[in-house]
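**Q** Quick one: the structure is below, and I'll ask about it shortly.
The values are calculated or read from the model by the stated rules, or taken from the named source; none is laboratory data. Remember, it's a predicted structure, so these values are computed and weren't measured experimentally. Here Cβ is always computed from backbone atoms with ideal geometry, including for glycine, and neighbour counts include all displayed protein chains.
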Amino acid sequence: MDASCIAALLARQREAFAHEPYPSLETRLARLRRLQDLLERDGDRLAQAISADFGNRSLHETAIAETFFVLAGIAHTRRHLKRWMKARRVATSFHSLPGTSRILAQPVGAVGIVSPWNYPLQLALAPAVAALAAGNRVMIKPSELTPGFSALLAERIAQSFALEECVVVQGGADVGRTFASQPFDHLFFTGSTAVGRQVALAAAANLTPVTLELGGKSPAILDPSADVGQAAARIAAGKLFNAGQTCIAPDYVLLPRAQRDAFTDAYRQAVLRMYPRLDDNPDYTSIVNERHYQRLQNLASEAEAGGARALRISPAGEMERPQLRKLRPTLLLDVQPGMAVMREEIFGPLLPVIPYDTPDEAIAFVNARPRPLALYWFGKDAARQREVLTRTVAGGMTVNDVLLHIAQENLPFGGVGESGIGAYHGEYGFRLFSKEKPVFEQSRWAGSDMLRPPYGAQAERILRVLRKLV
Ligand code: NAD
């Protein structure tokens with residue numbers, strides 16, 4: 001789609017918004033209901049399309065992390081939207097009593113959403129749910145790396161929504177660039193940190209508020225008090241979900257030196273319990289394309305060439321068939337900080353395991369690097385848990401498990417520093433896509449009427465009283 005078409009769509013959405021600047025609760029609920037119906041009707045077809053785009057994407061994982069995830073978000077939003085829309089009374093400063101203060105959440109207008117390939121449905125539609133609930137018009141630019149899914153989504157959205165309400169714009173990076181340069185009322189981007197920087201620059205030209213949901217390296221720290229077996233099994237499950245192609249997947253593990261062998265043994269056993277076979281196993285997702293498959297193999301071989309040990313976990317008697325792109329879950333030991341695998345986001349089933357001698361060393365390791373999107377801590381020692389919570393800055397944390405903070409409707413989800421700007425989910429998403437308009441309503445009798453020029457003794461008396469009261 002070329003620039004003039006994208007601009008024309010935005011103009012139509014803007015015009016429709018001008019005619020309906022504050023959609024009623026019923027209108028918003030009906031739009032959410034249509035999205036829900038679409039997912040209930042076409043969820044399986046969309047999951048098949050995603051699987052075909054990946055080569056193989058576990059249908060269960062699509063059901064859990066995409067369809068169910070978005071449906072749960074819609075249900076939560078439908079339940080609470082009436083309350084979120086209500087103007088919120090807040091206390092008025094004493095000097096302005098008996099006036100009143102309140103905050104009215106208004107839709108901002110037309111919202112642009114740019115989404116990645118790794119959870120193509122969730123990351124296109126979860127922000128759309130929030131934007132529609134807040135009363136906005138929505139344009140979505142999904143990833144070109146899942147073309148079958150993007151085409152089907154575009155078709156089904158067009159069947160359920162008028163172009164002025166919600167529309168999908170398909171295309172690659174060039175279309176993404178054009179899309180991001182439009183004067184949206186809010187631009188919401190999920191993807192890599194490098195592209196996020198470009199999106200922020202494009203948005204700045206229009207002074208468009210921008211939310212950036214980016215990636216990075218999310219560490220998992222095992223405390224000496226951790227249950228190593230349980231931690232290894234939970235880290236393996238979270239790491240290998242979607243074959244590691246998850247923005248909040250544990251990227252590497254920091255653990256006490258003495259626990260390294262117990263951890264690698266428990267991790268290997270956990271992997272083989274979950275995946276007795278890999279190639280002929282629909283539960284194990286393929287790497288999305290040849291370029292990423294090659295990239296991941298290069299990360300491992302470059303680390304090995306630099307002296308790291310790669311423990312590739314493969315079921316006995318099974319030879320990897322590269323055309324399926326089911327990369328072997330791999331532990332990397334003895335990695336060095338300068339290796340690409342420790343500098344770049346891994347985004348695949350490779351897991352560096354890094355020993356430390358004191359818990360302080362682990363905190364220092366995390367703090368010496370860009371602020372992560374997620375941080376995981378395993379252990380029972382409450383004081384050390386508090387240390388990690390308060391001395392590190394991360395987008396979000398799960399304690400004694402991985403990934404699950406993203407699934408909590410009442411927790412904001414988003415990064416910090418290089419892992420992103422802004423947060424959404426539940427009420428946080430509604431507020432993100434709203435202009436929270438502060439309203440002060442003056443009363444018939446107002447103290448400020450007495451504070452007018454010409455200033456004299458009366459103004460000074462009032463100021464003296466006010467100063468005593470603050
Ligand atoms: P990407 O940045 O390559 O692409 C994301 C989207 O941006 C695609 O739709 C693409 O077409 C578009 N795009 C490309 N160039 C553009 C440009 N110059 N201007 C505007 N749009 C452009 O990311 P990806 O490879 O699809 O996704 C993987 C990355 O996304 C990883 O870094 C991962 O951590 C991150 N991610 C973050 C979250 C989160 O919630 N924070 C979730 C999933 C993925």
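**Q** Scanning region 118-150 for residues that are free of Cβ contacts under 8 Å to residues at least 60 places away in the same chain and surrounded by fewer than 22 Cβ atoms within 10 Å (Cβ to Cβ), which turns out farthest from the ligand (Cβ to nearest atom)?
**A** Among those residues, the one meeting the criterion is Gln122.
**Q** Across region 200-215, which residue is nearest to the ligand (Cβ to nearest atom) among those that are closer than 26 Å to Leu403 by Cα and modelled with pLDDT of 95 or more?
**A** Across region 200-215, the extreme among qualifying residues is Glu213.
**Q** How many residues are part of a helix (DSSP H, G or I), of a type in the set (Lys, Arg) and modelled with pLDDT of 95 or more when one looks only at region 426-463?
**A** 1
**Q** Shifting gears a bit: Here are some residues: Glu344, Glu318. Which one is under 21 Å from Phe241 (Cβ atoms), surrounded by fewer than 17 Cβ atoms within 10 Å (Cβ to Cβ) and at pLDDT below 95?
**A** Glu318
**Q** Can you tell me which residue among Arg257, Arg277 is surrounded by fewer than 22 Cβ atoms within 10 Å (Cβ to Cβ) and closer than 30 Å to Ala47 by Cα?
**A** Values: Arg257 fails: closer than 30 Å to Ala47 by Cα.
Residue meeting the stated conditions: Arg277.
**Q** Another question about this same structure. For region 387-404, which positions are surrounded by fewer than 20 Cβ atoms within 10 Å (Cβ to Cβ), closer than 18 Å to Gly244 by Cα and in contact (Cβ under 8 Å) with a residue 60 or more places away in the chain?
**A** Passing the criteria: only Asp401.
**Q** Taking only pairs six or more apart or across chains, which ones have beta-carbon atoms under 6 Å, a first residue in region 78-90 that is part of a loop (DSSP other than H, G, I, E, B), and a second residue that is among the hydrophobic types (A, V, I, L, M, F, W, C) and modelled with pLDDT of 95 or more?
**A** Partner pairs satisfying both residue conditions: Ala87/Leu104.
**Q** All but one of (1) away from the ligand (no atom under 11 Å from the Cβ); (2) of a type in the set (A, V, I, L, M); (3) surrounded by fewer than 19 Cβ atoms within 10 Å (Cβ to Cβ) hold for Ala173, so report the exception by its number.
**A** With respect to (1) away from the ligand (no atom under 11 Å from the Cβ); (2) of a type in the set (A, V, I, L, M); (3) surrounded by fewer than 19 Cβ atoms within 10 Å (Cβ to Cβ), Ala173 is out only on (1).
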